[in-house]
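K.L.:
One structure is given below, represented as structure tokens, and several questions about it will come after.
Readers should treat all values here as calculations from the given coordinates under stated rules, not as data from a laboratory. Just so it is clear, the model here is predicted, and its values are computed rather than measured. No Cβ is skipped: glycine too gets one built from the backbone with ideal geometry, and neighbour counts run over all protein chains shown.
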Amino acid sequence: MSKINLSPKQESIVDLDQGAYLILASAGSGKTRVLTERIKRLSDSNNGKILAITFTNKAATEIKERLGTSEKINKNVFVGTFHSFCQSILELRFKLLGYNRMPHIFEDDSDRLDLIKQAIKSVPFFEKIYENLDPKKKNEYTYNALQFISTVKREIVLPEELAKNSENKEYQNLYETYQDILKSNNAIDFDDIIRLVYELFTNNDSVANLYRKAYSFVCIDECQDLNKLQYFLLKSLCGNFIKNVMMVGDPNQSIYGFNGSASSFMQKDFVMDFQAIEISLDENYRCSKSVIEASNTLMNLDVEAINYVIEGIFQIHHADNEIEEAKYIVNKIKELTSLKLHNDIEGEITYEKMSILARNKFVFKYVEEFLDKEGIPYYFKSGNVGIKFSSNSMKIFDLFFRIKINPLDKLHQKKLEDMLKIKDTFNSSELLNSKFPISVKIKEIITNCTIDNLHLQIDLLKKLFNESIFEDDEKKLTLDELDDFSNQLIQYKKQNLKPTLDGFKSAIALGLTNNSNRKDIGICLSTVHTMKGQESEIVFLIGMDDGTFPDFRAINKGGEELQQEKNNTYVAFTRAKRFLYVTYPKKRLMPWGDYKPRTISRYLKLLLFQVPN
Ligand SMILES: Nc1ncnc2c1ncn2[C@@H]1O[C@H](COP(=O)(O)OP(=O)(O)OP(=O)(O)O)[C@@H](O)[C@H]1O
């Protein structure tokens with residue numbers, strides 16, 4: 001890792017000692033750098049253990065890599081997300097929370113959807129309401145019920161209290177049923193991981209004290225994204241013991257309001273509760289002059305550009321429609337790569353130095369088509385959670401694997417039975433006559449697997465897939481996915497001295513094994529949310545028409561939701577280190593076949609005068 005010199009402002013933050021501090025730092029100001037250097041310094045000074053919390057596994061990995069793996073760091077520092085920190089506590093203390101065995105994580109949104117549907121079906125009263133709804137309303141009903149459940153957990157309210165202000169009072173009872181089904185599957189959802197530890201800390205002082213005494217310093221990154229549960233967890237952890245807390249964040253990058261996050265937890269609650277001292281850091285090390293000027297205009301900021309010598313590019317381009325927009329982007333990519341070198345860009349201009357960002361995934365449709373046509377390699381950046389298989393054989397493998405690890409997992413057992421179109425996954429002759437007869441052999445291999453022989457079982461699977469899948473594309477997809485799984489196992493074993501199958505599955509669910517050996521090749525396609533905290537030399541921000549970005553729902557709601565769309569645009573802009581190309585189509589093809597005229601995003605209007613187009 002290259003050595004960089006910190007600026008005096010950055011250095012003064014690294015050198016802060018005891019006490020509570022709120023570092024308000026703009027995009028690209030080196031927050032992650034500063035935090036890492038501070039953790040290193042604190043660890044060297046031997047003044048006690050340090051807990052560093054990040055919002056993404058990617059950030060945690062980056063910090064861990066920069067810290068290295070000296071004995072001192074390993075002993076003194078815990079770096080992880082809220083979820084991985086809480087999971088590590090749950091694994092030791094689940095019995096105190098009424099579980100006989102460590103509950104398993106149902107991490108997938110589709111699992112939560114199945115759970116709520118099961119909850120609805122299990123009570124005739126709900127089933128009657130639900131069955132009488134048309135498909136669109138059914139979706140709304142399940143979506144709102146899941147939102148209700150998440151809000152109860154994230155806002156730390158009682159279901160009956162929340163129900164008072166809810167249109168559907170019955171969600172209160174659905175909450176209980178949903179939780180009961182989870183428990184009967186010996187499972188928890190993502191919100192539960194934090195909620196349970198918060199419960200543990202608030203109800204069990206002696207356990208909380210163990211952690212309060214264990215850590216002398218707490219550092220948290222991206223604090224503009226804290227929600228109530230996370231902030232209260234932090235408060236309950238610190239109690240009256242831990243006073244040395246540093247929060248780092250940028251209110252302009254607050255984009256998770258839909259998850260209950262608000263920058264007021266750091267700016268108001270933290271400052272008041274911990275008497276934190278505010279310090280600002282508003283230098284930008286990442287972006288070129290053009291990108292910073294555009295970002296400053298967008299947000300009405302006065303961020304100081306450190307890279308003023310690098311002019312960079314900021315351009316807005318309008319296209320007649322989405323197809324023309326995609327063509328423009330692909331042509332620009334070809335033009336840039338054929339340049340090979342540019343004074344503003346270090347090294348050769350390659351696909352790996354480019355990212356295409358959009359508000360939502362659907363916006364990429366035509367770009368993908370044209371990239372495919374031109375044979376330009378690309379990949380989708382994956383989010384924070386585990387693996388999702390798309391080949392049938394790996395889906396079957398995953399479901400058997402879950403059932404093997406958690407025999408109480410009736411949810412995935414049912415999913416498997418539905419997929420295979422059988423009634424009993426334990427009946428081999430049914431499996432043999434099922435939609436996917438290969439499942440008999442997959443089951444056999446999984447039945448025999450242990451954490452120690454899993455690599456051998458993976459080899460057996462590879463042989464099985466090679467011999468039994470005849471369609472080339474399907475075979476390649478299956479083997480690639482198996483390979484990815486195998487790489488995740490290698491990662492997990494590297495990270496854990498006492499590996500177990502259960503631990504491996506949880507690590508996958510939490511996305512802790514995602515930075516496997518797989519090297520992403522080509523241009524990165526990502527939503528802005530997933531790209532948060534990361535950077536790319538050249539960024540194309542596409543689909544910047546009003547209604548797409550900002551999203552039409554936020555426009556309808558206005559207020560804080562619309563502000564978050566603006567913040568999201570700022571996050572997108574500031575991912576670009578050197579060149580930023582922003583595009584929008586003047587009309588869009590609607591699913592029913594009509595073209596609808598579009599206007600430029602309201603946020604770009606401010607910038608039009610700044611750009612030579
Ligand atoms: N003192 C410095 N000298 C040179 N480069 C620096 C310095 N500090 C940070 N950088 C570089 O600036 C870029 C931004 O740093 P970092 O990712 O830590 O910022 P950040 O504040 O976390 O960004 P954001 O909030 O926008 O995701 C990185 O490429 C980092 O290596």
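K.L.:
Quick check: from the Cα gyration tensor, does segment 364-403 come out rounded (a/c under 1.5), prolate or oblate?
P.N.:
In terms of gyration-tensor shape, prolate.
K.L.:
How long are the three semi-axes of the equivalent ellipsoid for segment 23-169, computed from the Cα gyration tensor as the root of 5 times each eigenvalue, in whole Å, largest first?
P.N.:
Listed largest to smallest, the semi-axes of segment 23-169 are 42, 19, 14 Å.
K.L.:
Working from the alpha-carbon coordinates of the chain, get Rg over Rh, Rh being the Kirkwood radius.
P.N.:
Reported Rg/Rh (Cα atoms, Kirkwood Rh): 0.96.
K.L.:
Over 5 Å intervals from 0, what percent of Cα-Cα pairs in segment 496-613 sits in each interval?
P.N.:
Percent of pairs per bin, in order: 2, 9, 14, 17, 15, 13, 10, 8, 6, 3, 2, 1, 0.
K.L.:
Equivalent-ellipsoid semi-axes (√(5λ), Cα gyration tensor) for segment 404-556, whole Å, largest first?
P.N.:
Taking √(5λ) for each Cα gyration eigenvalue gives 35, 22, 18 Å.
K.L.:
Also: Please give me, ordered by residue number, the trypsin sites (Lys or Arg not before Pro) of segment 304-383 that lie in loop per DSSP and have at most 16 other Cβ atoms within 10 Å.
P.N.:
Here the sparse-neighbourhood loop sites are Lys340, Lys381.
K.L.:
What percent of all Cα-Cα pairs in segment 82-192 falls in each 10 Å bin, counting up from 0?
P.N.:
13, 44, 32, 10, 1
K.L.:
I'd like the FRET efficiency for Gln315 and Asp483, computed as 1/(1 + (r/R0)^6) with the beta carbon distance as r and R0 of 35 Å, rounded to 0.05.
P.N.:
Here the calculated transfer efficiency is 0.35.
K.L.:
Something else now. Once you order the gyration tensor axes a ≥ b ≥ c over the Cα atoms, which shape class does segment 512-567 get: rounded for a/c under 1.5, otherwise prolate or oblate by comparing a/b with b/c? Please list the in-between numbers first.
P.N.:
Values: a/c = 3.10, a/b = 2.07, b/c = 1.49.
Since a/c reaches 1.5 and a/b is larger than b/c, the shape of segment 512-567 is classed as prolate.
K.L.:
Per 0.36 nm of contour for each residue apart, how much would the distance between Glu561 and Asn360 grow if the chain were fully extended, relative to their Cα-Cα spacing? Before the final figure, lay out the partial values.
P.N.:
Working: separation 201, 0.36 × 201 = 72.36 nm, distance 1.57 nm.
Computed gain between Glu561 and Asn360 is 70.8 nm.
K.L.:
If all Cα-Cα distances of segment 1-81 are sorted into 10 Å bins from 0 onward, what percent lands in each bin, rounded to whole numbers?
P.N.:
16, 53, 30, 1
K.L.:
To the nearest 20 Debye, how big is the dipole of segment 53-104 about its Cα centre, given +1 on the beta carbon of each Lys and Arg and -1 on that of each Asp and Glu? Please list the in-between numbers first.
P.N.:
Working: 8 positive and 4 negative charges, 28 e Å.
Dipole size: approximately 140 debye.
K.L.:
Right, something else. Assuming R0 = 45 Å, what is the FRET efficiency of Ile323 and Glu176, from their Cβ-Cβ distance, to the nearest 0.05?
P.N.:
Details: r = 50 Å, r/R0 = 1.12.
So the FRET efficiency works out to roughly 0.35.
K.L.:
Stretched out fully, how many nm does the piece from Ile4 to Glu140 gain, at 0.36 nm a residue minus the Cα gap?
P.N.:
Difference between extended and current length: 43.9 nm.
K.L.:
Moving to a separate point now. Rounded, prolate or oblate: which fits segment 165-287 when a ≥ b ≥ c are the square roots of the eigenvalues of the alpha-carbon gyration tensor, with rounded for a/c under 1.5 and prolate only if a/b beats b/c?
P.N.:
oblate
K.L.:
Roughly speaking, what is the stretch gain from Leu456 to Asp282, that is 0.36 nm per residue apart minus the C-alpha to C-alpha distance, in nm to one decimal? Provide the component values of the computation, followed by the final result.
P.N.:
Working: separation 174, 0.36 × 174 = 62.64 nm, distance 5.26 nm.
Stretched out fully, the Leu456 to Asp282 stretch lengthens by 57.4 nm.
K.L.:
For segment 87-141, would you read off the P(r) tail past 16 Å as a percentage of all alpha carbon pairs?
P.N.:
Beyond 16 Å sits 59 percent of the P(r) for segment 87-141.
K.L.:
Excluding Leu580 itself, calculate the net charge of residues whose Cβ lies under 14 Å from the Cβ of Leu580, where each Lys or Arg counts +1 and each Asp or Glu counts -1. If you can, show how the numbers build up before the last one.
P.N.:
Details: positive: Arg286, Lys289, Lys332, Lys353, Arg575, Lys577, Arg578; negative: Glu293, Glu311, Asp344, Glu535, Glu537.
Surrounding charge for Leu580 is +2.
K.L.:
Using alpha-carbon positions, what is the distance between the centroids of segment 296-329 and segment 432-476, in Å?
P.N.:
49 Å
K.L.:
I would also like to ask the following. Cα-Cα over 23 Å: which of Lys95/Lys415; Lys31/Lys505; Lys532/Lys586; Lys334/Lys373; Lys138/Lys404; Lys462/Lys493?
P.N.:
From Lys95/Lys415; Lys31/Lys505; Lys532/Lys586; Lys334/Lys373; Lys138/Lys404; Lys462/Lys493, over 23 Å: Lys95/Lys415; Lys31/Lys505; Lys532/Lys586; Lys138/Lys404.
K.L.:
Okay, next question. Between beta-carbons, use under 9 Å as the cut-off and find the net charge around Ile13, counting Lys and Arg +1, Asp and Glu -1.
P.N.:
Summing Lys/Arg as +1 and Asp/Glu as -1 gives -1.
K.L.:
I would also like to ask the following. Would you mind getting me the FRET efficiency between Ser468 and Gln495? Use the beta-carbon distance for r and R0 = 45 Å, nearest 0.05.
P.N.:
E between Ser468 and Gln495, to the nearest 0.05, is 0.85.
K.L.:
Let me ask something else about it. Please give the net charge around Thr69, taking every other residue with its beta carbon less than 13 angstrom from that of Thr69, where Lys and Arg add +1 and Asp and Glu add -1. Walk me through the numbers before you get to the answer.
P.N.:
On the way: positive: Lys40, Lys64, Arg66, Lys72, Lys75, Lys494; negative: Glu65, Glu71.
So the surrounding residues net to +4.
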